[in-house]
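One structure below.
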């Protein structure tokens, strides 16, 4: 049975603020309605949240792993699923080809194209490297790959290019300028490839990428403290509810029951809110977070609840089995994080 | 069905080298036989691995979460379980009191003691802060807490104090000296508390803590690159098997299919081995790891396997559903990581 009030939740617990989430979904749906946004489910790995995204008009989704596609298809969200990642595992690709869903994969090499063809997949995008040292073929190689894909019987729907080195730049002018540079490469490749789709972007560039036909934004729904440093219209909607388990008056710190196994740490420490005031996170251990109150604020008491705001949502969510949807102190729902692993 | 050869495993896959694991378990069992080591299961969260630790003579275990104790008891490993962490959740503590297992909890305050008493728990250690800003009462408060615990009907088995700020120091002399300082505090507290147990330590101080009656070592079984920087007799036994999905000849890098959702990142980047030669990890994304070969070595090919060595085992394991036990290229077994979450 789901607890009905937030103070009944066992901790650490991922908590989604429904007001902030609804705000974020509405802002994105207004800015990039329907197919203009292809929400990336890797950020939340939760089909119930994806249904909210569908309910505001987005019917096409982006995935990072085969398991995400399989889960989305199983939840009747398979109208148009993009695997925006290179996969060469034949068994997993065949499972995708067998789904009762529209599946498009990305390819960036002869090897990934061959794997897709052999698995019986039917549609692809050509993944083009637009400057971030990760996947994607050289722009000048995209046309050749598209020709080869079509010759092998695949439908080529267009191109994808992720400006991942740009989405986090805090200066908007710089972010816009560099996005334009990346998109210039992508458009050049697209002219050689053809197809109706130019897929790119993320939360950080959702409103400064005038070129892409669709934006693969994920973080906007829940947000995190890294993205919150940008001038974006989205609100932090995901926090970790924790309980204070140890208080040290002499030394001015306390300890909450969440740590490295509840928080993605690649963007550094999370931030803390103690009774609505910001606290200072000292460090995280496996199952503990040591923190202090702000200057002049009192220490909490053992048993008090403290909110922790993850620096990076995606690897935080991947640690958790469920997230609780709350409105104020009321728990409205519990959502399984059902798209975890690979 | 478990694949019989390592090249049949789907990636990313956690892989345990059975030779290295057996070596590590044997070295620890020789240095700290039987009850002198109370292995910490938080490092591996896997009852099958704990059974190996029991098979070499350790029958008492350390846990960090209620779920770990429940899983250990369910796997018939409940002879002597210590919850080396402060918990105030009444429902979870009552579940521990109801286990068919010997359960000892740690308390460091009136509040945690009250919670243990109310839940019907029967045995405790007094958790003493020995210098790391985390849990544990002030040494001078330990005797009072012990008296209070006994007055409330709890059996006080002794003290615990974790020198977590010392276990990672690379200089052995410094590590030994500081451990002795920490243990001096713990022994002072113990003289006020009584009981037969002085529980402390971890992998980094397993052979330079002459005071504790038992060492709570966890990482030694699987090791990680952070601990490997110390002069310890344990071998790296846990790696992440990954597949190369994208290769960029012009720019000298390749991309493997593991990332922030497969690796604990608080100790920084993992390291990489490409065809037995060390590679250079450039950075990790959610589902990708961008890396280069060492100077003069060739780039791998799409489909090649690359071994990634986590910088921190504990939060790495917590992302995975299973680990594969291998000997050379042969897969001997698959172990569920069955002690995850809280």
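Where a number appears in this text, it was derived from the coordinates with a stated rule and is not lab data. Since this is a predicted model, take the numbers as computed values, not measurements. Quick reminder, even Gly has a Cβ in these numbers, built from the backbone with ideal geometry, and neighbours come from all protein chains shown.
Please give the calculated 222 nm ellipticity per residue for chain B, where each DSSP H segment of at least 4 residues contributes -39500 (n - 2.57) and the sum is spread over every residue; nearest 500 deg cm²/dmol?
Computed mean residue ellipticity for chain B: -7500 deg cm²/dmol.
How high is the FRET efficiency from residue B:213 to residue A:304, r the C-beta distance, R0 41 Å, rounded to 0.05?
0.75
How many angstrom lie between the C-alpha centres of segment B:315-336 and segment B:268-297?
Each part reduced to its Cα centre gives a spacing of 21 Å.
With the label 7 angstrom out along Cα to Cβ, how close does residue A:99 come to the same site in each of the other copies, in nm, nearest first?
3.9
How long is the gain from residue A:250 to residue A:184 if the chain were fully straight, where each residue apart is worth 0.36 nm and the alpha carbon distance is subtracted?
Full extension from residue A:250 to residue A:184 adds 17.9 nm.
Under the Kirkwood approximation for Rh and a Cα-based Rg, what ratio Rg/Rh is obtained for chain B?
Result for chain B is an Rg/Rh of 1.02.
With equal scatterers on the alpha carbons only and no solvent term, can you work out the Debye log10 of I(q)/I(0) for segment B:33-216 at 0.12, 0.19 1/Å?
Computed log10 I(q)/I(0) values: -0.52, -1.28.
By how many degrees, 0 to 90 and rounded to 10, does the Cα axis of helix A:172-193 deviate from the longest principal axis of chain A?
30 degrees
For segment B:20-41 and segment B:68-140, write down the distance between their C-alpha centroids in whole Å.
Between the Cα centre of segment B:20-41 and that of segment B:68-140, the gap is 23 Å.
Kindly give the distances from residue B:34 to its copy-mates, label point to label point, with each label point 7 Å from Cα along Cα→Cβ, as nm values to one decimal ordered shortest first.
Counterpart label points of residue B:34 in the remaining copies fall at 7.6 nm.
Determine the shape class of segment A:119-159: with a ≥ b ≥ c the square roots of the Cα gyration tensor eigenvalues, call it rounded for a/c under 1.5, and otherwise prolate if a/b is greater than b/c, oblate otherwise.
prolate
Show me the ranking of peptides B:143-152, A:35-44, B:115-124 by mean Cβ neighbours inside 10 Å, starting with the highest.
Packing proxy ranking, top to bottom: A:35-44, B:115-124, B:143-152.
On the rotation axis linking copies A and B, which residue of A comes nearest by its Cβ, and by how many whole Å?
Residue and rounded Å distance to the axis: A:265, 3.
Given label points at 7 Å from Cα along Cα→Cβ, what nm distances, shortest first, separate residue A:2 from the same residue in every other copy?
Spelled out, the distances from residue A:2's label point are 3.9 nm.
Helix A:142-151: angle to the longest alpha-carbon principal axis of chain A, degrees 0 to 90, nearest 10?
Taking Cα atoms only, the helix is inclined about 70 degrees.
Would you look at the GNM of chain A, springs on alpha carbons closer than 10 Å, and say which of A:218, A:268, A:136 moves the most?
A:268
Please report the antiparallel percentage of DSSP beta bridges with both residues in chain A, rounded to the nearest 5.
55 percent
Under the √(5λ) rule applied to the eigenvalues of the Cα gyration tensor, what semi-axes describe the equivalent ellipsoid of the protein assembly as shown? Give them in Å, descending.
45, 29, 21
Jot down the radius of gyration and Dmax of segment A:19-73, Cα atoms only, both in angstrom.
Here Rg and the maximum Cα pair distance are 10.7, 31 Å.
So if R0 is 51 Å, what FRET efficiency would residue B:150 and residue B:174 give, r being the distance between their Cβ atoms, rounded to the nearest 0.05?
Computed FRET efficiency for residue B:150 and residue B:174: 0.85.
Just tell me how shielded A:179-188 is by partners: mean number of partner chain Cβ atoms within 10 Å of each residue's Cβ, no decimals.
The mean count of partner-chain Cβ atoms within 10 Å per residue comes to 0.
What is the mean number of Cβ atoms from other protein chains located within 10 Å of the Cβ atom of each residue in peptide B:312-322, rounded to a whole number?
Mean shielding count: 4.
Counting only other chains, what is the mean number of Cβ atoms within 10 angstrom of the Cβ of each residue in peptide A:243-250?
Taking all residues of A:243-250 together, the mean is 6.
Report, to the nearest 10°, how far helix A:18-31 tilts away from the longest principal axis of the Cα atoms in chain A, using its own Cα long axis and a range of 0 to 90°.
Relative to chain A, helix A:18-31 is tipped by roughly 30 degrees.
Give the calculated FRET efficiency between residue A:94 and residue B:122 to the nearest 0.05, with a Förster radius of 45 Å applied to their Cβ-Cβ distance.
0.25
Computed from the mean reciprocal separation of all distinct C-alpha pairs, what Kirkwood hydrodynamic radius does segment B:174-322 have, in Å?
17.5 Å
What's the percent breakdown of Cα-Cα distances in segment B:168-223 across 10 Å bins, shortest bin first?
24, 51, 22, 3
How high is the relative contact order of segment A:33-216? Use alpha-carbon pairs under 8 Å, at least six apart in sequence, and give a whole percent.
With pairs under 8 Å counted, the relative contact order is 17 percent.
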